[in-house]
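The values are calculated or read from the model by the stated rules, or taken from the named source; none is laboratory data. A quick note: this is a predicted structure, and the numbers were derived from the prediction, not measured. Cβ placement follows ideal geometry from the backbone for every residue including glycine, while neighbour counts extend to all protein chains displayed. Only protein heavy atoms, including side chains, enter the accessible area calculation; ligands, DNA and RNA are left aside. Shrake-Rupley method; radii C 1.70, N 1.55, O 1.52, S 1.80 Å.
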Amino acid sequence: MPQKALIVEDDTNIAQLLRLYLEKDGFAVECATDGLEALAQFRAGAPDIVLLDLMLPEIDGWTVCRSIRQESETPVIMITAKGEIIDKIQGLEMGADDYIAKPFDMKEVMARIHAVLRRSRKSGLERPRRLEYDKLVVDMDSFSLTVDGRVADTPPKELELLFHLASAPNRVYTRNQLLDEVWGFDYFGDSRTVDVHIKRLREKLEGVSPEWMLKTVWGVGYKFETASVIKEADAGPDRV
């Protein structure tokens with residue numbers, strides 16, 4: 001069965017170009033020209049990937065991406081004329097898997113599509129979708145974080161980062177590894193992005209349980225540490 005792609009683009013020429021290359025590559029393709037139509041087709045068609053313009057009629061691409069992320073982990077690539085760094089950061093923070101600025105080269109677009117799909121398949125095969133620790137539930141099916149019985153408002157990338165760390169308890173990740181594995185190998189930011197997200201997660205998780213913690217490994221990176229290791233650890237500073 002061919003993989004399905006949803007193109008959300010109000011520029012007919014660009015939509016036709018994307019459709020041509022995707023169909024040539026074996027995808028089954030649907031197109032939407034505004035945000036409301038995009039969400040309707042997404043829910044009806046369950047695509048494997050969404051190519052999403054930001055400047056859309058009815059509702060914009062930011063809102064479409066946010067709605068998709070509340071319902072699904074389907075990969076989303078934003079393709080837009082808004083090429084400023086702040087726009088790219090906002091798109092990735094909102095849960096987009098990649099961000100391509102117009103004008104673009106179709107060979108690069110196709111390469112990025114396949115890279116995102118590979119990462120998505122690998123993640124789905126290797127990991128459970130729901131993790132539970134004492135007073136903590138990370139559920140990637142509902143894209144929700146429950147802390148001490150309450151659902152915590154958590155942006156997608158924060159949730160993905162916590163899920164990634166908690167999926168391999170006591171494993172230390174460098175900041176660059178986390179950038180590669182959570183944000184994607186072609187992410188253009190720097191390691192301070194990881195620090196900021198860890199800080200925000202700690203604000204939600206601090207003191208919730210003695211059974212686990214987000215720990216800084218000085219000079220290396222971060223890990224999700226569980227009780228057996230915590231009890232054995234020497235006392236000392238471990239926060240940023």
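Residues of the stretch 130-173 that are in a strand (DSSP E or B) and open to solvent by 50 Å² or more (accessible area, probe 1.4 Å): ARG130, GLU132, TYR133, ARG150, VAL151.
Kindly establish whether PRO103 is open to solvent by 60 Å² or more (accessible area, probe 1.4 Å), of a type outside the set (Val, Ile, Thr), part of a loop (DSSP other than H, G, I, E, B) and farther than 23 Å from THR193 by Cβ.
Details: open to solvent by 60 Å² or more (accessible area, probe 1.4 Å): yes; of a type outside the set (Val, Ile, Thr): yes; part of a loop (DSSP other than H, G, I, E, B): yes; farther than 23 Å from THR193 by Cβ: yes.
Judged against the criteria, PRO103 is a match.
Against the definition (at pLDDT 80 or above and either closer than 24 Å to ARG121 by Cα or small (Gly, Ala, Ser) (or both)), how does VAL220 come out, yes or no?
Numbers: at pLDDT 80 or above: yes; either closer than 24 Å to ARG121 by Cα or small (Gly, Ala, Ser) (or both): no.
No; evaluated as a whole, the condition is false for this residue.
Among the residues of the stretch 13-33, those that are in contact (Cβ under 8 Å) with a residue 12 or more places away in the chain and open to solvent by 30 Å² or more (accessible area, probe 1.4 Å) comprise ILE14, LEU17, ARG19, TYR21, ASP25, GLY26, ALA28, GLU30, CYS31, THR33.
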